[in-house]
Amino acid sequence: MSQWPDTRILDLLGIELPIIQAPMAGATTSAMVIAASNAGGLGSLPAAMLSIEQLREELTFIRQHSQRPLNVNFFCHQPPTADTGRERDWKNLLEPYYRELGVDFDAPTPVSNRAPFDNAACEVLEAFRPEVVSFHFGLPEQSLLERVKATGAKILSSATSVDEAIWLEQHGCDAIIAMGYEAGGHRGMFLSDDLNTQVGTMALVPQIVDAVSVPVIAAGGIGDARGIAAAFLLGASAVQLGTAYLFTPEAKVTASHHKALRSAKESETALTNLFTGRPARGILNRVMRELGPISPAAPAFPLAGGALMPLRAKGEADFSTLWSGQALRLGVELPTAELTTLLAAQALAKLTAR
């Protein structure tokens, strides 16, 4: 019998430890997913940057190495409407960097893309039947969601406010990820685009717990056993950790990202829309400092990144995404499996101490 004070997520998802490895597109590897799941937590595969064929290959490989519950994560944004004027103005804003780095400003702008969940992705899920499917930026259209649920998958999605949590429960989520302001990567916000009203994890989790009947997963600013224990005391049934897993050898991060994670201060992250067009938290770098982390000129998600791609190729650290949450200073360098079991053991010890 589990010693955890709340076992609803364990029972719902069929996992042993209430720790979900966050799906971090670009940084999460299949090795990380396999290790997290085999350790008793929930490994999460991010699909937003994968082609359909790549998604099949990744799922095939993961299933060959783990029979434990698996989460597959998708974005469900609306594709942007073309706005050539805005895209031109954005590239013009970046022109001084092109000139400085000797990049051909007149060359065609690369396309930056994040695929929203669609019929083709749904067919892959119907074939592989992962135990958990999670979404970012709300939920897909009802017909697709019903098909996913018909596979037997449990549905998770991120809420950055109580209103979003209530909406997600009303539209079929089995559990809610309460995503605090401190979290790294893209904000999951979908009912509002006002960053000024976003809520921190400490305040958000108990209010979502009080507002919904489904179990709540805390995310954002949780980097060690103290944070996990605190999340349970706030009413969460599990936690989702992202930045903590960026310190593992299974993480796929660039040399500059690796260095920044290990040297940046806790005050050196910010929400930025420069890299994709949607707010996401990352470590400050040159372009964020010089243009300001939020720019109204940035094209709609996910198009903003295209004009930055040639600059990234020449001056990677200054123009790349360095996603990170505010708890980066708590990161420890351990393999994924060891990190998962250690954090769970330490948190449980704190929760059961009398």
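Just a few scattered comments:
- Summing charges over all other residues whose Cβ lies under 13 Å from the Cβ of E316, with Lys and Arg as +1 and Asp and Glu as -1, gives +3.
- Here the relative contact order of the range 41-197, from alpha carbon pairs under 8 Å that lie six or more residues apart, stands at 21 percent.
- Length gained when the stretch E126-S213 is fully extended (0.36 nm per residue, less Cα-Cα span): 28.5 nm
- Dividing the mean sequence gap of close Cα pairs (under 8 Å, 6+ apart) by how many residues the range 231-354 holds gives a relative contact order of 31 percent.
- The share of accessible area on the chain that comes from carbon and sulfur is 52 percent, using a 1.4 angstrom probe.
- The order of E141, E268, E164 by accessible area, most exposed first and with a 1.4 Å probe, is E141, E268, E164.
- Projected-area mean, the range 50-168, by convex hull of Cα positions, square nanometres: 10.8
- Volume per residue that the Cα convex hull of the range 6-70 spans, once the total is divided by residue count, Å³: 76
- In nm, spacing of pseudo-spin labels at L291 and Q3 (7 Å Cα→C-beta vector): 5.0
- Considering all different alpha carbon pairs of the range 150-195, the Kirkwood hydrodynamic radius works out to 11.2 Å.
- Rounded to 5, percent antiparallel among DSSP beta bridges of the chain: 20
- Accessible area of the range 235-315 divided out per residue, in Å², using a probe of 1.4 angstrom: 35
- Percent RCO, i.e. relative contact order, over the chain, from Cα pairs under 8 Å lying at least 6 residues apart: 20
- Length gained on full extension, F105 to Q142, computed as 0.36 nm times the residue gap minus the Cα-Cα distance: 9.0 nm.
- Fully extending the segment from A317 to A349, taken as 0.36 nm per residue of separation minus the present Cα-Cα distance, adds 7.5 nm.
- Using every pair of distinct Cα positions in the range 219-354, the Kirkwood expression returns a hydrodynamic radius of 16.2 angstrom.
- Probe 1.4 Å - accessible area at H65, Å² to nearest ten: 90
- With a simple spin-label model that places each label point 7 Å from the Cα along the Cα-to-Cβ direction, the separation between T254 and A203 comes to 3.5 nm.
- For the chain, radius of gyration divided by Kirkwood radius, i.e. Rg to Rh on alpha-carbons: 0.96
- Most tightly packed first, judged by the mean number of other beta-carbon atoms within 10 Å of their residues, the peptides 336-344, 234-242 read 234-242, 336-344.
- Expected 222 nm ellipticity per residue - DSSP helices of 4 or more, -39500 (n - 2.57), all of the chain, to 500: -11500 deg cm²/dmol
The values are calculated or read from the model by the stated rules, or taken from the named source; none is laboratory data. In this text, all values refer to a predicted model and were calculated from it rather than measured experimentally. Cβ: placed from backbone, ideal geometry, glycine included. Neighbour counts: every protein chain shown. All accessible areas refer to the heavy atoms of the entire protein, side chains included, with ligands and DNA or RNA removed. Shrake-Rupley method; radii C 1.70, N 1.55, O 1.52, S 1.80 Å.
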